[in-house]
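These notes are about the structure you will find just below.
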Amino acid sequence: MDNTYYNPADLKKFGNISELQPEMGRKFFDYYGEVFKEGALTEREKALIALAVSHAVQCPYCIDAYTSDCLEKGADENQMMEAVHVAAAIKGGAALVHGVQMMNKIKDLTM
Amino acid sequence: MPIPVKSLKAQQHQFANPAFQLEVLQHAGTEEGDFPLFGAKLREHELYPLRPAGTSILQVNVGKMCNQTCRHCHVDAGPDRKEIMTRATMQLCLDALARSPQLTTVDLTGGAPEMNPDFRWFVERLSAMGRQVIVRCNLTIILANPKYYDLPEFFKKHRVQVVSSLPYFSASRTDAQRGDGVFEKSIKALQMLNKVGYGQEGSSLELNLVYNPSGAFLPAGQKSLEAEFKRRLKSGYDIEFNNLFCITNLPVSRYLDYLIESGNYSSYMEKLVTAFNPVAAANVMCRNTISVGWDGALYDCDFNQMLELKVQPGTPQHIRDFDLKQLDERQIVLNQHCYGCTAGAGSSCGGSTT
């Protein structure tokens, strides 16, 4: 194995997390499967949301999995990159909106 | 990755050799070992040996000649391929059909079947026999030469069901698989087919599209993709069609070469094997279809044809000896590429099988 914390081959071992806690693992994967089924949102829309969140949480496994999933479900490259920009906008916005907190504090501390 | 203009055969590429392809397929696996043999997988699900279950479709490959050299083509078709069916062999197909009323549908494929000089002669006779004719039309052929411009009218006259590949509703992904400019020409051809009545709501002139993934991934959710294709083709180009058939790319010929060259071979095969679906396996198309090669040889499907895996020895091997009763008793010839038809929702020339 490469000298890194992340090994792409570990992605397909995700299910193994149930080995040490079968009941919670089962509940998680049942829930996970249910979440991604077609509902008020299509499976493609859910895959695009998952792709955006994968970037926000910067999970290489998730980016790998949901890039494939988006392609399989028929999302196009423009939709996928727009989803990543949504994640970037929220992450950037989340940092910047704290600027208001900083400004409040500046006001508190300065003459 | 640019699309080569020449077929693998013209390049004298090693993947032009079916025996070499089978050798590669036999030894596919991961670090944990080779993948289970397809026959053994069927045995696990009590589906072995696999036998026909009411053959109703004769699929005739009228030749490997084509005006395109698509990156994923399992036929290795192209302008440099000269193997095409003669009128005499077509007559043998007509004779076999006359003896086999159970074969209600004749599915014409290629290459570009329309490039065979006897294509229209054949369709006229099939239509006169009252058989449902399907033509796997690559769309661009309609615009390739003025002599093909009237194909939509010809198809209409003979109530031909047109099945056409359009891997995506955008030029970039379509052209990456099928060649530069193919998307634009395909759109024009679809508009010509719509104009004569194909694909319209309430019309009996059926126009179905084929979605093959443009890359090393599987197709998912035929109904959902169909809705997206309908929405995008209608809003972007005012195009209508009936059904979308999702077809998994099988690791044969040029697609096998693509998988190896792009470094996706093992992971793609693993996806196919992991996604094995016994319900799809019970519904594979080789159970209701027999495939005829350009030279009249008989196969279980068009993929076996390209791998030169003829129908089981001891059963009729050539269309001149066609006997449906004997062929319906045969054991279907399997190999590792068969995993492509049993993955996920299943895959056939008519799309998903579950």
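Observations on the model:
- Within the option set A:Gly74, A:Gly25, being within 14 Å of chain B (Cβ to nearest Cβ) and either surrounded by 11 or more Cβ atoms within 10 Å (Cβ to Cβ) or within 30 Å of B:Thr248 (Cβ to Cβ) (or both) holds for one residue only, A:Gly74.
- Boolean, A:Ala47 is at pLDDT 95 or above, closer than 30 Å to B:Ala176 by Cα and within 14 Å of chain B (Cβ to nearest Cβ): yes
- Selection from the stretch B:97-119 of residues that are over 24 Å from B:Cys286 (Cα atoms) and under 20 Å from the mean Cα position of the chain (by Cα): B:Glu114, B:Met115, B:Asn116, B:Phe119
- Hey, B:Ile260 surrounded by fewer than 20 Cβ atoms within 10 Å (Cβ to Cβ) and more than 13 Å from every other protein chain (Cβ to nearest Cβ) or not: yes
- Residues of the stretch B:280-328 satisfying the condition of being part of a helix (DSSP H, G or I), in contact with a Lys or Arg (Cβ under 8 Å, 6 or more places away or on another chain) and over 23 Å from B:Gly340 (Cβ atoms): B:Leu324
Table: residues versus (1) of a type in the set (D, E, K, R); (2) farther than 29 Å from B:Ile319 by Cα; (3) not in a helix (DSSP H, G or I).
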residue	(1), (2), (3)
B:Leu25	no, no, no
B:Ala40	no, yes, no
B:Gln68	no, no, yes
B:Cys73	no, no, yes
B:Asp80	yes, no, yes
B:Met90	no, no, no
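- Candidate set: the stretch B:46-94, residues that are charged (D, E, K, R) and surrounded by 19 or more Cβ atoms within 10 Å (Cβ to Cβ); chosen: the one farthest from B:Ala10 (Cα to Cα): B:Arg71
- Count of the stretch B:216-255 residues, restricted to those that are touching a helix residue (DSSP H, G or I) at 6+ places or on another chain (Cβ under 9 Å), in a helix (DSSP H, G or I) and within 11 Å of chain A (Cβ to nearest Cβ), is 3.
Per-residue answers, yes or no, for (1) touching a residue at least 12 places away in the same chain (Cβ under 8 Å); (2) over 25 Å from B:Glu270 (Cα atoms):
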{"position": "A:Glu19", "(1), (2)": "no, no"}
{"position": "A:Tyr31", "(1), (2)": "no, yes"}
{"position": "A:Glu38", "(1), (2)": "no, yes"}
{"position": "A:Glu45", "(1), (2)": "no, yes"}
{"position": "A:Ile49", "(1), (2)": "yes, yes"}
{"position": "A:Ser54", "(1), (2)": "yes, no"}
{"position": "A:Gly74", "(1), (2)": "yes, no"}
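- Filtered by the rule that a residue be within 21 Å of B:Ser253 (Cβ to Cβ), among the charged types (D, E, K, R) and more than 21 Å from the chain's Cα centre (by Cα), the stretch B:18-73 gives a lone residue, B:Glu23.
- Criterion applied to B:Lys41, B:Lys6, B:Lys64 was being basic (Lys, Arg) and closer than 30 Å to A:Ala9 by Cβ, and the one residue passing it is B:Lys41.
- Check on A:Met81, modelled with pLDDT of 95 or more, over 23 Å from B:Ala345 (Cα atoms) and within 14 Å of chain B (Cβ to nearest Cβ): yes
- Filtering the stretch B:217-259 to residues that are modelled with pLDDT of 95 or more, touching a Phe, Trp or Tyr at 6+ places or on another chain (Cβ under 8 Å) and farther than 19 Å from B:Cys349 by Cα leaves B:Lys230, B:Leu233, B:Gly236, B:Asp257, B:Leu259.
- The set of residues in the stretch A:4-39 being part of a helix (DSSP H, G or I), of a type in the set (Lys, Arg) and within 19 Å of the chain's Cα centre (by Cα) consists of A:Lys12, A:Lys13.
- Just one of the listed residues (B:Ala280, B:Ala227, B:Ala220) is small (Gly, Ala, Ser), touching a residue at least 24 places away in the same chain (Cβ under 8 Å) and within 24 Å of A:Ala75 (Cα to Cα), namely B:Ala220.
- For the stretch A:2-20, the count of residues that are away from chain B (no Cβ under 14 Å) and small (Gly, Ala, Ser) is at least one.
- Consider the stretch A:58-71 and keep the residues that are within 12 Å of chain B (Cβ to nearest Cβ) and hydrophobic (A, V, I, L, M, F, W, C). The one that is surrounded by the fewest Cβ atoms within 10 Å (Cβ to Cβ) is A:Ala65.
The values are calculated or read from the model by the stated rules, or taken from the named source; none is laboratory data. Keep in mind it's a predicted model, so treat the numbers as computed, not measured. Counting neighbours? That spans all protein chains shown, and the Cβs are built from the backbone with ideal geometry, glycine included.
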